[in-house]
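See below for the structure under consideration.
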Amino acid sequence: MDAVYIHIPFCKKICTYCDFCKIYLNDKFVLPYLNSLANEIKDKYQGEEIKTIYIGGGTPSSLSIKDIKYLLDLTKIFNINNLVEFTFECNLNDINEELLDLLRSYNVNRLSIGIESFNEKKLSFMNRYHTFDEAKEKINLCRKYGFDNINIDLIYGIPKETIGVLKKDLKQVLELKPEHISTYSLIIEDNTVIGISKMAPIDEELDEEMYNQICKILKKKDYIHYEVSNFAKKGYASKHNINYWLNNNYYGFGLGAHGYIGNIRYENTKSITKYINGDYVLDQTLLSKEEDMNNMIMLGFRLLNGINLKYFYERYNVNLQEQYDIQKLLDEKKLLYKDGYLMINPKYIYVMNEILIQLI
């Protein structure tokens with residue numbers, strides 16, 4: 001147990017595609033929420049040494065400086081003497097010298113910035129508003145304050161988007177020289193603005209072509225494609241997120257947060273009222289050995305280098321090759337062995353869900 005996720009649900013604007021747990025920023029909720037967050041941490045945390053912290057949302061940077069300081073003070077509850085990665089999610093419009101100075105003073109060493117696009121039509125569709133010049137100015141400011149590990153999020157597959165629009169977005173993201181890029185094809189979720197409008201997704205062939213273009217362009221620029229949706233310069237893969245994909249335990253604190261402790265996976269309530277009143281957990285499930293192995297398969301195959309077979313055996317006392325019928329997939333070259341790992345052939349990563357269905 002060496003990872004902590006903290007969820008801040010407040011947003012100044014609600015993006016049309018967002019399915020995460022979020023509410024409009026309202027000052028009357030912020031302090032009671034942070035107080036309840038402190039209580040949840042003190043109640044659940046068992047004193048383990050924490051290696052990675054990720055503060056996400058929502059929009060953590062939407063809080064006032066005073067409230068962000070209170071939030072960061074809560075991380076002192078953890079044993080963080082050997083903390084290696086501390087990520088804070090930022091909205092581009094919230095970045096300023098006061099915020100960056102505060103984050104540096106609390107040893108935040110990684111920023112994740114939800115830029116999503118620079119195309120006006122795409123931004124308007126998503127209810128987001130910024131320009132490339134603003135992004136360049138803010139990223140330069142982050143560099144001035146010593147942030148040398150920056151992730152930029154990019155969304156593609158917006159209705160009516162073309163390959164040309166995507167390529168221009170990628171070109172401009174690359175001009176900002178981030179150490180890490182997360183790319184997400186638009187998923188139309190039911191309980192979002194675009195989901196309610198019954199909008200149709202883009203053609204699957206176009207979506208696959210866009211994904212392949214992203215992989216090709218970023219590889220040429222020396223980004224390592226280490227997870228289905230994530231690319232990083234050498235040494236900058238997200239340590240916190242890799243912990244998820246290795247199916248390791250982690251704490252999840254805050255509204256709607258998920259956690260995995262021992263053999264129990266849990267989900268917190270999405271009701272701000274219940275959370276503030278200390279009624280944190282919505283649901284928890286005690287996993288069987290088979291369920292946990294299935295999770296390991298679903299998460300581990302998201303990593304491009306796949307699953308370490310020795311690690312799988314040591315964890316479950318079972319050979320993966322004996323637990324799952326993999327021979328047909330090996331014969332079809334959809335799965336590959338390499339250096340003690342079993343992985344999905346990179347040519348088939350886009351259709352990995354079909355492979356997982358065959359396995360599980």
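The values are calculated or read from the model by the stated rules, or taken from the named source; none is laboratory data. Source: prediction; values computed, not measured. Cβ placement follows ideal geometry from the backbone for every residue including glycine, while neighbour counts extend to all protein chains displayed.
Okay, residues lined up against (1) under 22 Å from Ile349 (Cα atoms); (2) more than 21 Å from the chain's Cα centre (by Cα); (3) outside the structural domain of Phe88 (by TED's automatic domain parsing); (4) at pLDDT 95 or above:
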| site | (1), (2), (3), (4) |
| --- | --- |
| Gly114 | no, no, no, no |
| Lys121 | no, yes, no, no |
| Asn127 | no, no, no, no |
| Ile155 | yes, no, no, no |
| Val173 | no, no, no, yes |
| Tyr184 | yes, no, no, no |
| Thr192 | no, no, no, no |
| Met199 | no, yes, no, no |
Determine whether the range 9-26 contains at least one residue that is under 26 Å from Glu97 (Cβ atoms), part of a strand (DSSP E or B), in contact (Cβ under 8 Å) with a residue 60 or more places away in the chain and in contact with a Pro (Cβ under 6 Å, 6 or more places away or on another chain).
no
Which numbered condition in (1) outside any loop (DSSP other than H, G, I, E, B); (2) surrounded by fewer than 18 Cβ atoms within 10 Å (Cβ to Cβ); (3) outside the structural domain of Tyr156 (by TED's automatic domain parsing) is the only one that Lys219 fails?
(3)
Hits in the range 42-82 - residues which are acidic (Asp, Glu) and surrounded by fewer than 17 Cβ atoms within 10 Å (Cβ to Cβ)
Asp43, Glu48, Glu49, Asp73
So, in the range 225-255, how many residues would count as being hydrophobic (A, V, I, L, M, F, W, C), in contact with a helix residue (DSSP H, G or I) (Cβ under 9 Å, 6 or more places away or on another chain) and either surrounded by fewer than 21 Cβ atoms within 10 Å (Cβ to Cβ) or assigned to a helix (DSSP H, G or I) (or both)?
3
Residue that is in a strand (DSSP E or B), within 22 Å of Gly114 (Cβ to Cβ) and assigned by TED's automatic domain parsing to the domain that holds Ile139, where the choices are Ile68, Ile55:
Ile55
